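Below: the structure, in structure tokens.
The values are calculated or read from the model by the stated rules, or taken from the named source; none is laboratory data. Fair warning: this is a prediction, and the values are worked out from it, not measured in the lab. No Cβ is skipped: glycine too gets one built from the backbone with ideal geometry, and neighbour counts run over all protein chains shown.
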Amino acid sequence: MKMVVLGTGYLGATHAACMAELGHEVLGVDIDPAKLAKLEAGEVPFFEPGLSAVLRRHTSSGRLRFSSSYQEAAEFADVFFVAVATPQKKGDYGADLCFVDAVIDNLAPLLDKPSLIIGKSTVPVGTATRLGRCVRDLAPAGDAVELVWNPEFLREGFAVQGTLHPDRLVLGVERPGSGRAEGIVREIYADLINDGVPFIVTDLATAELVKVSANAFLATKISFINAIAEVCEAVDADVTVLADAIGYDSRIGRRFLNAGLGFGGGCLPKDIRAFMARAGELGANQALTFLREVDSINMRRRTRVVEIAREICGGGFIGSRVAVLGAAFKPDSDDVRDSPALNVAGQIQLQGACVNVFDPQAMDNSRTLFPTLNYATSAFEACDGADVVLVLTEWEEFRSIDPAELKTTVRSAAVIDGRNCLDAAAWCAAGWYYRALGRPAAPRGANASVVTK
């Protein structure tokens, strides 16, 4: 099938490449010439494991190409995926839909034949119905142009796997049972459906709510265990053992019960805020007031790491050297949007410390966002002469560091495990003062050698 993907950012580039992998002919459309030039050369403008190989394979085969022309897009196909960003509005919790609206405004007037527009962007409930009316008003083909919503559920670091082997496919249609749009989407995803991926067809509003509800639940689960971590810190309990214990309950499960610095990135924070804002517009604001506390708990964890680091540095940061290992909001990504790690690094620097940052993939993006921080070329360089080391993104490279070797480079052997990802016993045995969120200051045990300041 021939199809167009409008928007070639993280979502759009991944979706375009994976649709080509499924055998379709794909045209990616964007207004950013620099981004298009990279994609046409088979280069991914961001880091995502496995995506480069898929992109190069299909730009080389001719199954995937790119353009800045809406006219070319309208002539190329009659199936159009909308995959543009919906960032948080400046000074507001709501979602900024200017990019989604611009796509419809530019595309719809060119549609003079039966066509299907498939939304993938995360949007507030009610957006699809509004856009459907707009499309019918603007398109020469009128009612022959149908708009449906097929929300994305990508996880950065697992985007290719998540697109080609998703947990489920959700399709929201304006008239459930009408058949035409559903048939086209089933054809697009035929290989996945044949492999047993659940395919759920519903109305537009439910499809829009599925994505934001999933993100709200995930954010709540993460903030729940971080709230429990606050209690554990107050009584010297261990949240990691607690999470293991409650995770055996099949009603709860262990996944995403990892206490630490909390969530960030370009989706979860802005999506739960937009969900709250939309609920307020609909008169259902009380239903989601708990998400304000979810957001608040998440932000408090960042402040807590700064407090622990200040305590280790003797009550103040003036004259201290702080190493921050990690800048991306999660491993296997170069995404620094609303990164907890960079937020902490910035707060510590503002309080007078010399902060040295290292991340395996996110250095360029970090420099753009926080140009005043110091950036090292390796973890060991970042830790040279440090009074405290903060591990804030759980890259495997950091998890596997030899603590005995790293100890030879620092001024004071103190580490804050912001993700509860290190082997605490091994670090203590190597002579480090170990701190983590929701855990005792150092593991208890005969083999633990605790160093205090």
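When the residues of the range 301-339 are narrowed to those that are more than 18 Å from LEU437 (Cα to Cα) and among the hydroxyl-bearing types (Ser, Thr, Tyr), which ends up surrounded by the fewest Cβ atoms within 10 Å (Cβ to Cβ)?
In this case the residue turns out to be SER320.
Are any residues in the range 397-411 in a loop (DSSP other than H, G, I, E, B) and either under 11 Å from CYS383 (Cβ atoms) or not hydroxyl-bearing (Ser, Thr, Tyr) (or both), and if so, which ones?
Matches in the range 397-411: ILE401, ASP402, THR408, THR409, VAL410, ARG411.
Determine whether the range 269-278 contains at least one residue that is farther than 16 Å from ILE228 by Cα, among the acidic types (Asp, Glu) and touching a residue at least 24 places away in the same chain (Cβ under 8 Å).
Yes, the range 269-278 contains a residue that is farther than 16 Å from ILE228 by Cα, among the acidic types (Asp, Glu) and touching a residue at least 24 places away in the same chain (Cβ under 8 Å).
I'm checking my understanding of the structure. Among residues of the range 1-34 that are farther than 18 Å from ALA159 by Cβ and of a type in the set (Asp, Glu), which one is modelled with the highest pLDDT?
Here the residue is GLU25.
Tell me which residues, restricted to the range 159-191, are in contact with a Ser or Thr (Cβ under 9 Å, 6 or more places away or on another chain) and crowded, with 17+ Cβ neighbours inside 10 Å.
If the condition is that a residue be in contact with a Ser or Thr (Cβ under 9 Å, 6 or more places away or on another chain) and crowded, with 17+ Cβ neighbours inside 10 Å, then ALA159, VAL160, GLY162, THR163, VAL170, LEU171, GLY172, VAL173 are the ones that fit.
Answer with yes or no whether LEU350 is farther than 29 Å from GLY126 by Cβ, without any contact (Cβ under 8 Å) to a residue 40 or more places away in the chain and either touching a Leu at 6+ places or on another chain (Cβ under 9 Å) or not assigned by TED's automatic domain parsing to the domain that holds VAL410 (or both).
Answer is no for this residue.
Of all residues being charged (D, E, K, R) and touching a Pro at 6+ places or on another chain (Cβ under 8 Å) in the range 15-72, which is farthest from VAL4 (Cα to Cα)? Just the residue, please.
Checked the range 15-72; the qualifying residue farthest from VAL4 (Cα to Cα) is LYS38.
Considering only residues that are under 30 Å from PHE46 (Cα atoms) and touching a strand residue (DSSP E or B) at 6+ places or on another chain (Cβ under 6 Å), look in the range 132-158 and name the one that is surrounded by the most Cβ atoms within 10 Å (Cβ to Cβ).
If we take residues in the range 132-158 being under 30 Å from PHE46 (Cα atoms) and touching a strand residue (DSSP E or B) at 6+ places or on another chain (Cβ under 6 Å), then TRP149 is surrounded by the most Cβ atoms within 10 Å (Cβ to Cβ).
If you scan the range 340-392, which residues turn out to be in contact with a Ser or Thr (Cβ under 8 Å, 6 or more places away or on another chain) and assigned to a loop (DSSP other than H, G, I, E, B)?
Across the range 340-392, the qualifying residues are GLY352, ALA353, ASP359, GLN361, ALA362, LEU373, CYS383, ASP384, GLY385, ALA386, ASP387.
Checking the conditions here, which among ALA379, ALA404 is surrounded by 15 or more Cβ atoms within 10 Å (Cβ to Cβ) and either hydrophobic (A, V, I, L, M, F, W, C) or not assigned by TED's automatic domain parsing to the domain that holds VAL305 (or both)?
That would be ALA379, the only listed residue that is surrounded by 15 or more Cβ atoms within 10 Å (Cβ to Cβ) and either hydrophobic (A, V, I, L, M, F, W, C) or not assigned by TED's automatic domain parsing to the domain that holds VAL305 (or both).
Listed here are the residues, each with its yes/no results for (1) more than 18 Å from the chain's Cα centre (by Cα); (2) at pLDDT 95 or above; (3) under 30 Å from ILE297 (Cβ atoms); (4) not in a helix (DSSP H, G or I).
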site: ARG155; (1), (2), (3), (4): no, no, yes, yes
site: VAL160; (1), (2), (3), (4): no, yes, no, no
site: THR163; (1), (2), (3), (4): no, yes, no, no
site: ASP167; (1), (2), (3), (4): no, yes, yes, yes
site: THR206; (1), (2), (3), (4): yes, yes, yes, no
site: ASN215; (1), (2), (3), (4): no, yes, yes, no
site: THR220; (1), (2), (3), (4): no, yes, yes, no
site: SER223; (1), (2), (3), (4): no, yes, yes, no
site: ILE228; (1), (2), (3), (4): yes, yes, yes, no
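Consider ALA17 carefully, then state whether it is of a type in the set (A, V, I, L, M, F, W, C) and farther than 18 Å from THR122 by Cβ.
Judged against the criteria, ALA17 is a match.
One residue is enough: does the range 317-324 have a residue meeting the conditions in contact (Cβ under 8 Å) with a residue 40 or more places away in the chain and out of contact with any helix residue (DSSP H, G or I) (no Cβ under 7 Å at 6 or more places or on another chain)?
Checked against the condition, which is being in contact (Cβ under 8 Å) with a residue 40 or more places away in the chain and out of contact with any helix residue (DSSP H, G or I) (no Cβ under 7 Å at 6 or more places or on another chain), the range 317-324 yields at least one hit.
Quick check on the range 414-422. Is at least one of its residues polar (S, T, N, Q) and under 24 Å from the mean Cα position of the chain (by Cα)?
Yes - at least one qualifying residue is present in the range 414-422.
If I ask for residues that are touching a Cys at 6+ places or on another chain (Cβ under 7 Å) and closer than 15 Å to ALA436 by Cα, which ones from the range 197-256 would you list?
Listed by number, the residues that qualify are ASP238, VAL239, LEU242.
Go through (1) out of contact with any Ser or Thr (no Cβ under 6 Å at 6 or more places or on another chain); (2) farther than 27 Å from PHE398 by Cα one by one and return the number of the condition VAL294 breaks.
The failed condition is (1).
Across the range 32-52, what is the number of residues that are without any contact (Cβ under 8 Å) to a residue 60 or more places away in the chain and surrounded by 14 or more Cβ atoms within 10 Å (Cβ to Cβ)?
Within the range 32-52, residues that are without any contact (Cβ under 8 Å) to a residue 60 or more places away in the chain and surrounded by 14 or more Cβ atoms within 10 Å (Cβ to Cβ) number 10.
What strands (runs of 3 or more DSSP E) completely inside the range 52-143 contain at least 1 residues that are outside the structural domain of ALA214 (by TED's automatic domain parsing), in contact with a helix residue (DSSP H, G or I) (Cβ under 9 Å, 6 or more places away or on another chain) and polar (S, T, N, Q)?
Fully inside the range 52-143 and qualifying: 64-67, 115-119.
Any idea which of GLN361, GLN351 is touching an Asp or Glu at 6+ places or on another chain (Cβ under 7 Å) and at pLDDT 95 or above?
Only one candidate passes the filter, namely GLN361.
Of the residues that sit in the range 422-453 and are closer than 27 Å to MET299 by Cα, of a type in the set (A, V, I, L, M, F, W, C) and touching a strand residue (DSSP E or B) at 6+ places or on another chain (Cβ under 7 Å), which one is modelled with the lowest pLDDT?
ALA442
With the checklist (1) in contact with a Ser or Thr (Cβ under 7 Å, 6 or more places away or on another chain); (2) part of a helix (DSSP H, G or I) in hand, flag the one item ALA234 doesn't pass.
If we test ALA234 against (1) in contact with a Ser or Thr (Cβ under 7 Å, 6 or more places away or on another chain); (2) part of a helix (DSSP H, G or I), just (1) comes out false.
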